[in-house]
Amino acid sequence: MTDTLQIVEVIARQAGGVLMEGYGNVHHVQQKGVIDLVTEFDQRSEKVIISAIQQNFPDHAILAEESGHKVTVSEYQWVIDPLDGTTNFAHGIPIFAVSIGLLKNSSPVMGVVYDPFRNELFSAELGRGATLNELPIHVSPHSDLGHAVISTGFPYDLRTNPRNNLAQFVHFQLRTQAARHLGSAALDCCWTAMGRLDGYWEFGVKPWDVGAGALIVREAGGRVTSAGGDENFSSNESILVSNGLLHEQMLRVLSQGSEAPLPPQQLEKD
């Protein structure tokens, strides 16, 4: 583990401590959109992260969800979501995380995602593998989409956005063992990386949503593309992550919709 990763893990845990102080104790919820929320703890967590990043890496650029760009010209950029899963957090649902990713020339090279409720710290560095609480993790071995459990998310403007993912959710629900909606893109990625999930897709994602989680999936042996199959997913506001074995099957569902093959409708008998 490099010194930089150790520093970022400490920062993520500090921000997670802020979130746990506020969990179940949210008093101020603002609406950035009709269903897009922000709490005082998003803002407090972000201040902790940005302050520490600026102190330790003063020459690096920063892109954070709540405060936007910190104007610095650098090949390195930190992408920060201080509270991924704000709606869950605000309603007392224990699925949320801190996400801190480092990009070099727009490509992920380091990622840390911390789930403070479960005390689960996911980490990865380019070429060094992925870990959960310092133990190596790997994606699932499942190769049949019909037996897979996958997850997705929906855009905050789904009521007006024609690409709202509702049709795709139905297509996958009919072609998998289950399709879930966790409400945290960072944990969708990390749970795929450790094998709790077999894959995840979403439209309308931002760099701070998946900048850390995508690298963690890749370093755990999975595959990450856009929903259209572009390996350079960061230039496209969509993402598809999988254990690799299911990737082409998931791309087929996304491209063919209702025409994609359905799994057997009856249990096979010996």
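The values are calculated or read from the model by the stated rules, or taken from the named source; none is laboratory data. All values derive from a computational prediction rather than experimental measurement. We place every Cβ from the backbone using ideal geometry, glycine too, and count neighbours over all the protein chains shown. Heads up: the accessible areas ignore ligands, DNA and RNA and are worked out on the full protein's heavy atoms, side chains in. Shrake-Rupley method; radii C 1.70, N 1.55, O 1.52, S 1.80 Å.
Just one of (1) farther than 18 Å from GLY244 by Cα; (2) open to solvent by 10 Å² or more (accessible area, probe 1.4 Å); (3) touching a residue at least 40 places away in the same chain (Cβ under 8 Å) trips up SER184, so point out which.
That leaves (2) as the condition not met.
Assuming LEU103 fulfils every condition listed in (1) out of contact with any Gly (no Cβ under 7 Å at 6 or more places or on another chain); (2) aliphatic (A, V, I, L, M); (3) touching a residue at least 24 places away in the same chain (Cβ under 8 Å) apart from one, which condition is it?
Going through the list (1) out of contact with any Gly (no Cβ under 7 Å at 6 or more places or on another chain); (2) aliphatic (A, V, I, L, M); (3) touching a residue at least 24 places away in the same chain (Cβ under 8 Å), LEU103 breaks only (1).
From the list ILE137, ILE150, pick out the single residue that is in contact with a Lys or Arg (Cβ under 9 Å, 6 or more places away or on another chain), modelled with pLDDT of 95 or more and more than 16 Å from ASP81 (Cβ to Cβ).
Just a single option satisfies the conditions, and that option is ILE150.
Output the number of the condition that SER238 fails; it satisfies all remaining conditions of (1) open to solvent by less than 10 Å² (accessible area, probe 1.4 Å); (2) modelled with pLDDT of 95 or more; (3) among the polar types (S, T, N, Q).
(2)
Are there any pairs with C-beta distances below 9 angstrom linking a residue in the stretch 198-216 that is within 25 Å of ASP144 (Cβ to Cβ) and in contact (Cβ under 8 Å) with a residue 60 or more places away in the chain to a residue that is open to solvent by 30 Å² or more (accessible area, probe 1.4 Å) and not in a loop (DSSP other than H, G, I, E, B), with the two at least 6 apart or on different chains, and if so which?
Once the first residue is within 25 Å of ASP144 (Cβ to Cβ) and in contact (Cβ under 8 Å) with a residue 60 or more places away in the chain and sits in the stretch 198-216, its partners that are open to solvent by 30 Å² or more (accessible area, probe 1.4 Å) and not in a loop (DSSP other than H, G, I, E, B) give ALA214/SER234; ILE216/THR131; ILE216/MET194.
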